[in-house]
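Following: one structure in structure tokens, then a few remarks.
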Amino acid sequence: MLIVFIGPPGAGKGTQSKRLLEYLQIPHLSTGELLRGKHNSPLGRLAAQYMDKGQLVPDPIVLSMVGEELDKPAFNRGCMFDGFPRTIQQAKSLDDSLKQRGTPLDMVIELRADEAELVSRMLRRAKAENRPDDTPETIGRRMEVYHRQTAPLLDYYRAQGLLTTINAMCPADDVFQAIREAVDKKKSERPVHLAVSAGPASPA
Ligand code: AMP
């Protein structure tokens, strides 16, 4: 299965997509994690200049990095995209690349949450993970970037009939339950590209 997660910073995309990967047994691709993992390379240092300011890393950098990842054999089994695509250009490029591979997206999950709550979640996470891009100064910028550059993707995917919106303001277990139900419904509605694990969901 190929699933995109979209939501404002702090909405729980990383947490929920990692839980879903245990259920579906398909790899998880977080562009934020990939970029942070490259911090010792010239590309990583270039990317950090944008990330530390709460700006998006330029599309060509992100697209070539994702292209390299998708060429890895693990991704033949499907993928859960977390934090990618984040711009219309990235979405179109992903569509083209998946079309060439003959494996279009199965669904797009929007995690919707209110901003005041998100800001407090991000400040808590900043403390816990010591992330340089989660300072109070960059949070406002990242929200603004989400609205301006990423939120238009919701209409883009809604028009393709791919979008499912989940209320991310519930407890994490309830959010996961809603995601799992939406995924199961999607699996029953249309052929997906890969079989999923028949095993039980992992414990909360
Ligand atoms: P995340 O871990 O998804 O919150 O991403 C952290 C930061 O990495 C973002 O604020 C961006 O600076 C950068 N980033 C991650 N994914 C992308 C993307 N798809 N396009 C551009 N920048 C990204």
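The set of residues in the range 83-139 that are over 29 Å from ARG158 (Cβ atoms) and of a type in the set (Gly, Ala, Ser) comprises ALA126, ALA128. If you filter the range 35-60 down to residues that are farther than 14 Å from ASP134 by Cα and within 8 Å of the ligand (Cβ to nearest atom), you find that the one that is surrounded by the fewest Cβ atoms within 10 Å (Cβ to Cβ) is PRO58. Assess whether LEU123 counts as being within 29 Å of LYS186 (Cβ to Cβ) and among the hydrophobic types (A, V, I, L, M, F, W, C). Taking the combined requirement at face value, the residue does not satisfy it. Among residues of the range 41-62 that are in a helix (DSSP H, G or I), those with a Cβ under 9 angstrom from a residue that is near the ligand (Cβ under 10 Å from one of its atoms) and of a type in the set (Phe, Trp, Tyr), sequence gap 6+ or separate chain, pair up as ILE61/TYR50; VAL62/PHE84. As for the range 4-21, it holds no residue that is within 17 Å of the chain's Cα centre (by Cα), outside any helix (DSSP H, G or I), away from the ligand (no atom under 11 Å from the Cβ) and at negative phi. Here TYR146 meets the list (1) within 30 Å of MET1 (Cα to Cα); (2) in contact with an Asp or Glu (Cβ under 7 Å, 6 or more places away or on another chain) almost entirely, failing just condition (2).
For GLN89, the conditions (1) within 13 Å of the ligand (Cβ to nearest atom); (2) over 22 Å from GLY12 (Cβ atoms); (3) at pLDDT below 95; (4) not hydrophobic (A, V, I, L, M, F, W, C) are fulfilled apart from (3).
Return a yes/no flag: does the range 34-55 have any residue that is of a type in the set (Ser, Thr, Tyr) and over 24 Å from ILE109 (Cα atoms). Yes: one or more hits.
Yes or no, residue by residue, for (1) of a type in the set (D, E, K, R); (2) under 18 Å from SER30 (Cβ atoms):
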site	(1), (2)
ARG77	yes, yes
PHE84	no, yes
SER93	no, yes
LEU105	no, yes
GLN149	no, yes
LEU154	no, no
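With respect to MET80, determine if the residue is within 26 Å of ARG158 (Cα to Cα), touching a Lys or Arg at 6+ places or on another chain (Cβ under 7 Å) and buried (at least 16 other Cβ atoms within 10 Å of the Cβ). Against the criterion (within 26 Å of ARG158 (Cα to Cα), touching a Lys or Arg at 6+ places or on another chain (Cβ under 7 Å) and buried (at least 16 other Cβ atoms within 10 Å of the Cβ)), MET80 does not qualify.
Only one entry of ASP174, ASP155 meets the criterion of being within 29 Å of LYS53 (Cα to Cα) and not hydrophobic (A, V, I, L, M, F, W, C), and that entry is ASP155. When we screen ALA195, ALA172 for residues that are modelled with pLDDT of 90 or more and either small (Gly, Ala, Ser) or in contact with a Gly (Cβ under 8 Å, 6 or more places away or on another chain) (or both), the only hit is ALA172.
Criterion applied to ALA74, ALA113 was being more than 17 Å from LYS13 (Cβ to Cβ), in contact with a Pro (Cβ under 7 Å, 6 or more places away or on another chain) and more than 13 Å from the ligand (Cβ to nearest atom), and the one residue passing it is ALA74.
The values are calculated or read from the model by the stated rules, or taken from the named source; none is laboratory data. Note that the structure is a prediction, hence the values are computed from the model and not measured. Cβ sites come from the backbone with ideal geometry, for glycine too, and all protein chains shown count toward neighbours.
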